[in-house]
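*Asks:* The structure's right below; bear with me while I get my questions together.
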Amino acid sequence: MVFLCWGMLFIGTMIWQLWYFFVGYPTNQFSQIGQYNEETLEYQAKFESKWANISDNDLVGMGQSVFLVQCAPCHGVDGEGINGKAQDLTKRISKESVLHVINNGANNFTSKYPGGMPAGMASGADAEEIATFVAGGMKGAKPAAWAACSSCHGENGEGMPFVAPNIKTYSDDLVLTVLKDGKKGIIGAMPNFEGRLTETQEKAVAAYIRSIGEQYGWKHTNE
């Protein structure tokens, strides 16, 4: 008798789930979530229209405001990464991070660079020279082994569309890609911010990050 009751309860629950999914769920009725989504999209459209021709200074100012709320909890208010908790944004990339990618490969930015980077493009002294060159801002003579990198990242390190990202500067394209896809590296994982910021806000964050590096003497360009 107990098993019969449990069986009838199970069957009744399944019938109710099917009814609710196909008939009872209010797909065409008022929904607070739907209203919120509509209002959010409307606000974002107005925001983008208002700041369509924003000046460079205002863009940096907006980026600072967004950064302090969304990014500073991990990267710190100064962008230095809170003692290794997150990426130090005062410079493009550390030598340790470059070596990690060379040794392990990377496939973080699948939306823009679906092919990723295979591991082992260089090793030993060649990998050390490449890492030192890239982390140092790509100044001075290029190491001979740089040829293995330039075929995808470009001779100047500023990347190629759909092939490899910019490893020289925090360009808009790079920052927007990180915000969309998130990132994994030697430090850890950064979640994606897709849908949390408008495109103008994302570009503002990129502009502000470049301004941080410039305060530390790191020359960034939006290329």
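*Asks:* At 1.4 Å probe size, with every protein chain present, just tell me what the per residue accessible area of segment 100-223 comes to in Å². Walk me through the intermediate numbers first.
*Replies:* Values: 6160 Å² over 124 residues.
For segment 100-223, the per-residue accessible area is 50 Å².
*Asks:* Comparing ILE15, ILE209, ILE93, which has the greatest mean-square fluctuation in the GNM of the chain with Cα pairs linked when under 10 Å apart?
*Replies:* Comparing ILE15, ILE209, ILE93 in a Gaussian network model of the chain, the most mobile one is ILE15.
*Asks:* Of the heavy-atom accessible surface of the chain (probe 1.4 angstrom), what whole percent is carbon and sulfur? Numbers along the way, then the final one.
*Replies:* Details: 8100 of 13880 Å².
So the carbon and sulfur contribution to the accessible surface is 58 percent.
*Asks:* What's the longest uninterrupted piece of the chain once you rule out the chymotrypsin sites (Phe, Trp or Tyr not before Pro) that are loop residues per DSSP with at most 15 other Cβ within 10 Å?
*Replies:* Numbers: sites that count: PHE30, PHE162, TYR216.
Longest run free of exposed loop sites: 31-161.
*Asks:* If r is the Cβ-Cβ distance from SER123 to ASN192 and R0 is 45 Å, what FRET efficiency results, to the nearest 0.05? Don't jump to the answer; show the numbers that get you there.
*Replies:* On the way: r = 31 Å, r/R0 = 0.70.
For R0 = 45 Å, the calculated efficiency reads 0.90.
*Asks:* With equal scatterers on the alpha carbons only and no solvent term, can you work out the Debye log10 of I(q)/I(0) for the chain at 0.14, 0.16 1/Å?
*Replies:* -0.90, -1.10
*Asks:* Amide H neighbours of LYS184 under 5 Å, counting only residues 5+ apart in sequence or on other chains, H built in-plane at 1.01 Å?
*Replies:* HN-HN under 5 Å from LYS184: MET190.
*Asks:* Taking 0.36 nm per residue of separation and subtracting the Cα-Cα distance, what length does fully extending GLN215 through ALA52 add?
*Replies:* 56.0 nm
*Asks:* Apply the Karplus parameterisation 6.51 cos²θ - 1.76 cosθ + 1.60, with θ equal to phi minus 60°, to every residue of segment 197-204 and state each ³J(HN,Hα) to the nearest whole Hz, in sequence, with x for glycine and proline.
*Replies:* So the Karplus estimates, Gly and Pro as x, are 10, 7, 4, 5, 5, 5, 5, 5 Hz.
*Asks:* Follow-up. Using +1 at the C-beta of Lys and Arg and -1 at the C-beta of Asp and Glu, which of ILE130, GLY120, THR198 has the Cα lying farthest in the positive direction of the dipole of segment 96-223?
*Replies:* Projecting each Cα onto the dipole axis, the largest value belongs to THR198.
*Asks:* Right, next: Taking the Cα centre of the chain as origin and charging only Cβ (+1 Lys, Arg; -1 Asp, Glu), how large is the dipole, in debye to the nearest 20?
*Replies:* Roughly 320 debye, rounded to the nearest 20.
*Asks:* Rounded to the nearest 20 Debye, what is the dipole magnitude of segment 68-191 about its Cα centre when Lys and Arg each give +1 and Asp and Glu each give -1 at the C-beta? Kindly include the intermediate steps, with their values, before the conclusion.
*Replies:* Numbers: 11 positive and 12 negative charges, 30 e Å.
With Lys and Arg at +1 and Asp and Glu at -1, about 140 debye.
*Asks:* Which residue, LYS50, LYS95, LYS203, has the most motion in a Gaussian network model of the chain that connects Cα atoms within less than 10 Å?
*Replies:* LYS50
*Asks:* Compute the angle between helix 2-19 and the longest alpha-carbon principal axis of the chain, please, reported from 0 to 90 degrees and rounded to the nearest 10.
*Replies:* So the inclination is approximately 70 degrees.
*Asks:* Relative to the longest principal Cα axis of the chain, at what angle does helix 32-50 sit, 0 to 90 degrees, rounded to 10?
*Replies:* The angle comes out at about 30 degrees.
*Asks:* Let me spell out the model: positive unit charges on the Cβ of Lys and Arg, negative unit charges on the Cβ of Asp and Glu, origin at the Cα centre of segment 133-223. What dipole size does that give, in debye rounded to 20? Working shown, then result.
*Replies:* Numbers: 10 positive and 10 negative charges, 62 e Å.
With only Lys, Arg, Asp and Glu charged at Cβ, the dipole is about 300 debye.
*Asks:* Tell me, what is the percent relative contact order of the chain, built from C-alpha pairs under 8 Å that lie six or more residues apart? Display every interim value, and only then the final one.
*Replies:* Values: 276 pairs, mean separation 49.2, N = 223.
Once normalised by length, the contact order is 22 percent.
*Asks:* Separate question: Which of GLY116, GLY63, GLY140 moves the most in a Gaussian network model of the chain with Cα springs under 10 Å?
*Replies:* GLY140
*Asks:* Please work out the Cα center distance from segment 37-59 to segment 163-182, rounded to the nearest Å.
*Replies:* Taking the Cα centre of segment 163-182 as reference, the centre of segment 37-59 is 22 Å away.
The values are calculated or read from the model by the stated rules, or taken from the named source; none is laboratory data. Not measured: the values here are computed from a predicted model. Reconstructed Cβ throughout: ideal geometry from the backbone, glycine too, with neighbour counts over all protein chains shown. In case anyone asks, the SASA skips ligands and DNA or RNA and just uses the protein heavy atoms, side chains included. Shrake-Rupley method; radii C 1.70, N 1.55, O 1.52, S 1.80 Å.
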